[in-house]
Amino acid sequence: MSFTLPALPYAYDALLPHMSAETLEFHHDKHHNAYLVAMSGMIEGTDYASMKLEDICRKSFKDNPKLFNQAGQFYNHIHFWKWMKPNGGGAIPGKLESKIKQDLGSVSDFRSAFIQAGVTQFGSGWAWLALKNGRLEVMQTPNGENPLVRGAAPLLGVDVWEHSYYIDYRNARPKYLETWYDNLVNWDHVAELFEAAS
Ligand SMILES: [Fe+2]
């Protein structure tokens with residue numbers, strides 16, 4: 001398989017005032033593309049070249065950490081763009097909301113746990129809502145790791161690498177995460193992934 005960089009699903013300035021065009025230009029055009037270029041170079045001529053991206057992530061996590069760093073990040077960012085939308089945030093679709101209440105207490109408990117997972121991830125990484133063995137879990141992962149390599153389906157993930165927020169928020173990671181959750185999350189997409197994984 002050959003992989004390409006997916007276009008952003010909205011204009012570079014569509015997430016203002018919460019995420020700037022400059023951040024998206026660097027993050028999508030430079031960082032995401034760099035993961036693609038590095039991954040493509042490493043899989044060329046190997047068994048990995050014929051695999052689906054999800055399988056490249058799962059296998060390389062076990063046997064090729066350098067490839068995993070690139071493939072994991074290429075995968076994570078494909079979804080990160082879709083987990084945001086202009087005028088996002090707000091109400092969580094009913095079925096997913098019920099499941100959050102069942103497994104995680106309340107929507108407010110979940111919001112706090114998700115943001116806290118991002119705040120307390122030391123260094124670079126991600127915070128997640130994932131479905132594992134039929135239950136929702138909040139996870140935090142270092143670097144390019146994701147729920148796939150922990151036997152779970154990622155439903156929502158937020159990038160806490162500094163390249164995701166430093167231009168707009170400087171060192172204020174908690175403010176970035178609160179703003180991201182309240183104003184940018186595309187809950188319809190999260191609900192679709194929940195349906196597909198259930
Ligand atoms: Fe990133």
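The values are calculated or read from the model by the stated rules, or taken from the named source; none is laboratory data. Since the model is a prediction, treat every value here as computed from it, not as a measurement. We place every Cβ from the backbone using ideal geometry, glycine too, and count neighbours over all the protein chains shown.
Scan segment 109-129 and give yes if some residue there is more than 13 Å from the ligand (Cβ to nearest atom), under 17 Å from TYR176 (Cβ atoms) and in contact with a Lys or Arg (Cβ under 8 Å, 6 or more places away or on another chain), otherwise no.
Yes, segment 109-129 contains a residue that is more than 13 Å from the ligand (Cβ to nearest atom), under 17 Å from TYR176 (Cβ atoms) and in contact with a Lys or Arg (Cβ under 8 Å, 6 or more places away or on another chain).
Output yes when any residue across segment 82-94 is farther than 22 Å from TYR176 by Cα and of a type outside the set (Val, Ile, Thr), and no when none is.
Going residue by residue through segment 82-94, those that are farther than 22 Å from TYR176 by Cα are 93-94.
Right, trim to of a type outside the set (Val, Ile, Thr) and you get 93-94.
Checking segment 82-94: at least one residue is farther than 22 Å from TYR176 by Cα and of a type outside the set (Val, Ile, Thr).
If a residue must be more than 20 Å from SER112 (Cβ to Cβ) and within 12 Å of the ligand (Cβ to nearest atom), how many such residues does segment 147-166 contain?
Within segment 147-166, residues that are more than 20 Å from SER112 (Cβ to Cβ) and within 12 Å of the ligand (Cβ to nearest atom) number 5.
Scan segment 150-198 for residues that are out of contact with any Phe, Trp or Tyr (no Cβ under 9 Å at 6 or more places or on another chain) and among the small types (Gly, Ala, Ser) and report the count.
5
Consider ALA152 carefully, then state whether it is touching a Lys or Arg at 6+ places or on another chain (Cβ under 6 Å), within 19 Å of PHE61 (Cβ to Cβ) and buried (at least 19 other Cβ atoms within 10 Å of the Cβ).
The answer is yes for ALA152.
For the condition farther than 23 Å from LYS132 by Cα and surrounded by 16 or more Cβ atoms within 10 Å (Cβ to Cβ), what is the one hit in TYR75, TYR48? Step through it out loud before you land on a result.
Numbers: TYR75 fails: farther than 23 Å from LYS132 by Cα.
Answer to the check: TYR48.
Looking only at segment 102-156, which residues are over 18 Å from PRO65 (Cβ atoms) and of a type in the set (D, E, K, R)?
Passing the criteria: ASP103, ASP109, ARG111, LYS132, ARG135, GLU137.
Can you tell me which residue among LEU5, LEU15 is within 15 Å of the ligand (Cβ to nearest atom), touching a strand residue (DSSP E or B) at 6+ places or on another chain (Cβ under 7 Å), part of a loop (DSSP other than H, G, I, E, B) and at pLDDT 95 or above?
Being within 15 Å of the ligand (Cβ to nearest atom), touching a strand residue (DSSP E or B) at 6+ places or on another chain (Cβ under 7 Å), part of a loop (DSSP other than H, G, I, E, B) and at pLDDT 95 or above holds for just one of LEU5, LEU15, which is LEU15.
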